[in-house]
There are 2 protein chains.
Amino acid sequence: MKTLIVHAHPEPRSLNGALKDLAVSTLERAGHEVRVSDLYAMGWKAVVDAGDFGTSASSPLKVTADSGRAFDTGTLAPEVRAEQDKLLWADTVIFQFPLWWYTMPAILKGWFDRVFTYNFAYGVGEHSDVKYGERFGEGTLAGRRALLSVTVGGRESHYAERGVAGPIDDLLFPIQHGILYYPGLEVLPPFVLYSADRVDDDGFQDIAKAWEQRLLTLESTEPIAFRPQNSGDYEIPSLELKQGLEPPGRSGFRLHVRP
Amino acid sequence: MKTLIVHAHPEPRSLNGALKDLAVSTLERAGHEVRVSDLYAMGWKAVVDAGDFGTSASSPLKVTADSGRAFDTGTLAPEVRAEQDKLLWADTVIFQFPLWWYTMPAILKGWFDRVFTYNFAYGVGEHSDVKYGERFGEGTLAGRRALLSVTVGGRESHYAERGVAGPIDDLLFPIQHGILYYPGLEVLPPFVLYSADRVDDDGFQDIAKAWEQRLLTLESTEPIAFRPQNSGDYEIPSLELKQGLEPPGRSGFRLHVRP
């Protein structure tokens, strides 16, 4: 495998830092190539602004159109283009981050906001009344796989089916489906650690074993069965799931996973 | 009312900028006090790092503990403390932003990551086996109200009950429930504009009327009926919704809204 690890924690000596280091050593020892985007260490700028688009920035700024033109004409900021190139190099992408306020830290959101430009991650393919783009299962990153590795401060029961925070799969849906599956990445089931602030040395040994096990079986892990947008499951052009396709009792985000 | 508007768009001459300006003028004309945190204009730093915690930053950095100690001892970065003070001044908070990749832009996430510190927005109240904090309906910001005003590039049907993106209420749940309701804010139903890239002058006149109408009726608008954590609806200490409380057919995030 060629694996890109995108890492988003400010402290190298954190649980997240340890999991990132373990991923690098485990994958390299197994003969895989690994590259790391350590966003805090890189001083990654988290916000989209005119500086991203070079001479393609218009006035007034149009984020969508300008980012697409900058992508097409090679005037994107070099550090943004470098991340796009890493994605095109990789066949597997791991995101390592702590769940802060029920989603990813701002620095990682800013990686997606800046790197997933128009004409690269969205705006790809015909957009008309008979087709609405190559997305949700198709797109620039089709054929690649992604995995979230997430640490959570709260207890597992808070994120269970009836837990007060909401089920973890639903909390991660906007990332796994809305961001990763959108440009074509297949998404593997996430690796989630709860009560992350209370991990001691013994606890870490168990975690390390479980993480190594996941890393060494990535190639044989089945992705989440999200429904491809253009597979016939959705009405065109409304993109609503066709009547009768939902398994009994499912609603909301769960409609978009095949039974 | 004393209204704080937190605004997150890089272009003042955008639809988001126009909605923010209209909110200021409409509320002031009606006799309300308004303050604005225009995050791009302020050059808001989006990422949590040791610089936020001054002399309270430990090594290795512990984001939760250090932010709480910095809050308690007055060593938080002045710009973070200033935003906390604005929240304590306000009785109503409006967040104006475009939906980027199904959630808020990084700069706004970074506002929450930095301003919602431990001992201010979380870690408040007794945490034990009989109570797990004053949160989800209680906390530092209880008695105040919040409203999301969101522009969305895609079509409304994509965000409908069966739409490919997932229902808008579910996409906003981690923000409205997980971030805003957590420290006690009551959350009003969001103001959402779809197909935002295709708004013309006539369309904007209709939007402006609808937005003014929402702004002038904020005080009489019923908040979303999220379930208070400590009201008896949840098992202690697992914080799972008690059996039998769910309306028929509801699951996932919808369990946490009272019928």
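Coordinate-derived values only; no laboratory data. Fair warning: this is a prediction, and the values are worked out from it, not measured in the lab. Because the Cβ atoms are built from the backbone with ideal geometry, glycine has one as well, and the counts that use them run over all protein chains shown.
Using the Cβ-Cβ distance between B:SER25 and B:THR73 with R0 = 60 Å, the FRET efficiency computed as 1/(1 + (r/R0)^6) comes to roughly 0.90.
For the stretch A:1-104, what does the relative contact order come out to in percent, with C-alpha contacts under 8 Å and a separation of six or more?
42 percent
Ordered by the count of other Cβ atoms within 10 Å of each Cβ, fewest first, A:LYS86, A:LYS242 give A:LYS242, A:LYS86. Of interest is the spacing of the C-alpha centroids, which for the stretch B:30-61 and the stretch B:146-180 amounts to 26 Å. Beyond a 25 Å Cα-Cα separation, which of these cross-linked pairs lie in this structure: A:LYS45/A:LYS131; A:LYS62/B:LYS109; B:LYS86/B:LYS209; A:LYS109/A:LYS209; A:LYS131/B:LYS109? Distance filter (> 25 Å) returns A:LYS45/A:LYS131; B:LYS86/B:LYS209; A:LYS109/A:LYS209; A:LYS131/B:LYS109.
Build a GNM of chain A with springs between Cα atoms under 10 Å apart, and of A:GLY123, A:GLY17, A:GLY166 the one that fluctuates most is A:GLY166.
The calculated 222 nm mean residue ellipticity attributable to helices in chain A amounts to -9000 deg cm²/dmol, summing -39500 (n - 2.57) over DSSP H runs of n ≥ 4 and dividing by all residues. Considering only B:THR75, B:GLY163, B:LEU39, the residue lying farthest towards the positive end of the dipole of chain B is B:THR75, judged by Cα position with unit charges set on Cβ. Working from label points 7 Å from Cα in the Cα-to-Cβ sense, the A:ALA50 to B:GLU235 distance is 5.7 nm. Dividing the mean sequence gap of close Cα pairs (under 8 Å, 6+ apart) by how many residues chain A holds gives a relative contact order of 19 percent. Size of the stretch B:150-192: Rg and Dmax of its alpha carbons, in Å, are 11.4, 32. Here the average projected area of the convex hull drawn through the C-alpha atoms of the protein assembly as shown stands at 23.5 nm².
Taking a quarter of the surface of the Cα convex hull of the stretch B:1-101 gives a mean projected area of 7.6 nm². For the protein assembly as shown, a crude dipole built from +1 on the beta carbon of Lys and Arg and -1 on the beta carbon of Asp and Glu, taken about the Cα centre, is about 20 debye to the nearest 20.
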